[in-house]
């Protein structure tokens, strides 16, 4: 039996801003853009990984969710507490400079971590943590 990752989900509050970040800043390709019931899901992915996709979804995907649930989800999203994603890169310092130059909010500048990677972190427009890491030579 072979199991592999197909999709992961990131909650966003503004799909147009999210697409600009993931497509224009990070260089991912938009693979699908679907609206239903007043909501929108956009799928993005790296051209080098055609079988793996990130779904940019509404923070509350139930149109009938109580207002209190919507407010709670919006609050968690604004604090960056819902989801995050880690990308691998072959040059974390160059990636950091490119993403910072595009205006992304820096959470952590590149640094060597004790678990064997050099990494950095940003927030996407919705507040989600987006990290980039590069394995260090042993």
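Just so you know, all these numbers are worked out from the coordinates, no wet-lab data involved. In this text the structure is predicted, and so the values were computed from the model without any measurement. We place every Cβ from the backbone using ideal geometry, glycine too, and count neighbours over all the protein chains shown.
List of remarks:
- Candidates 76, 56, 28, ranked by Gaussian network fluctuation over the chain, Cα under 10 Å, top entry: 76
- C-alpha center-to-center spacing [the range 122-138, the range 1-42] in angstrom: 17
- Of 51, 37, 103, the residue with the greatest mean-square motion in the GNM of the chain, using alpha carbon springs below 10 Å, is 37.
- Folded to 0 to 90 degrees: helix 67-78 orientation relative to the chain principal axis, Cα: 20
- Taking the DSSP bridge list for the chain and keeping only pairs wholly inside it, about 65 percent are antiparallel.
- Note on the chain: with a GNM built from Cα contacts shorter than 10 Å, the maximum mean-square fluctuation among 11, 94, 78 falls on 94.
- Folded to 0 to 90 degrees: helix 92-101 orientation relative to the chain principal axis, Cα: 50
- Label sites at residue 39 and residue 114, each approximated as a point 7 angstrom past Cα along Cα to Cβ, lie 4.1 nm apart.
- Relative contact order of the chain: 23 percent, from C-alpha pairs under 8 Å at least 6 residues apart in sequence.
- Extension gain, residue 9 to residue 88: 0.36 nm times the residue separation minus the Cα-Cα distance gives 26.7 nm.
- Ranked list, fewest to most other Cβ atoms within 10 Å of each Cβ, for 41, 115: 115, 41
- Sorting 131, 136 by the number of Cβ atoms found within 10 Å of their own Cβ, with the fewest placed first, yields 136, 131.
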